[in-house]
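Worksheet: the structure to be examined is printed underneath.
Values in this text are rule-based calculations from the coordinates and carry no lab data. Keep in mind that what you see is a predicted model, and the values were worked out from it rather than measured. In this analysis, Cβ positions are derived from the backbone assuming ideal geometry, glycine residues included, and neighbour counts consider all displayed protein chains.
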Amino acid sequence: MPLKYFGKWSVEDVKVNDRGLRRYIRLEPKLAPHSAGRQNDKRFNKANVPIVERLMNKLMRSGPGKGKVGGKSIRGSKNCGDKQKAYKIVRNALEIIEEETNQNPIQVVVDAIQNSAPREETTKISYGGITYHEAVDSAPQRRLDIALKNLADGAYSSTFKSEKSIEECLAEELILASRRETESYGVEKKAGIERIAKGAR
């Protein structure tokens, strides 16, 4: 009998339509979504980590570094390194998604990632003492990393001055992103990155 995420959701009918991301989104679940960093021994080996576990890992962070998310600085370490807490957040968020959409929540997560992954971005190039931006294609692995980061940041930023829990905010962010709605932080960031890249061609 094939394994299911949290013993509830199968991935047999889940489809990845983005051909660039298909190789890097691992759908097959493990018995326990905790790889304990074993993928760090080999470069790009994180592509073998199940996508739901990678979402959990992105939730275990103290903030976006020196930057801000929606004008808000995310600080604190209440969830940093707490895998069990991240596990419960994602599980409860998937239950909310299933209840609100009547869809397989794993498919919603995959669609949200595909719609939040920028295909093009900019890099800085220095030539003769002059620095300018040039548009470059994003690697599939980087596209996936950016999408997961922005989805997690969007969920956290939605909890500011809100009575909603992080589970409700994560579910809402994933649902909006799966529908390509601009209210989603991930979709908005993707559009902004690609717009800047288009102007730098």
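List the relative contact order of the stretch 6-200 as a percent without decimals, with contacts defined as Cα pairs under 8 Å and 6+ residues apart.
Relative contact order for the stretch 6-200 comes out at 22 percent.
How high is the FRET efficiency from residue 85 to residue 180, r the C-beta distance, R0 22 Å, rounded to 0.05?
0.15
Consider the candidate values [x] 36, 19, 16; [y] 27, 20, 14; [z] 28, 20, 17; state which one is semi-axes √(5λ) of the Cα gyration tensor in Å computed from the structure displayed.
The listed entry that was calculated here is [z].
Can you work out the FRET efficiency for the pair residue 119 and residue 95, with r the C-beta to C-beta distance and R0 = 22 Å, to the nearest 0.05?
Computed FRET efficiency for residue 119 and residue 95: 0.10.
Which of the DSSP-defined H helices in the chain satisfy a minimum axial length of 15 Å, computed from C-alpha atoms, and a minimum mean Kyte-Doolittle hydropathy of -0.5?
Helix filter hits for the chain: 105-116, 166-178.
Got a sec? Which residues in the stretch 181-201 would a label at residue 132 touch, if it sits 7 Å along Cα→Cβ and we count backbone N under 16 Å?
Residues 197-201 fall inside that zone.
As a quick test, which of the pairs 42/83; 8/42; 42/164; 83/149; 161/198; 85/164 have an alpha carbon distance above 28 angstrom in this structure?
8/42; 42/164; 161/198
Return the calculated 222 nm mean residue ellipticity for the chain, to the nearest 500 deg cm²/dmol, obtained by summing -39500 (n - 2.57) across DSSP H runs with n ≥ 4 and dividing by the residue count.
Taking each H run of at least 4 residues, the total per residue is -14000 deg cm²/dmol.
Need the full-extension length gain, residue 164 to residue 47, defined as separation in residues times 0.36 nm minus the C-alpha distance. One decimal, nm.
38.9 nm
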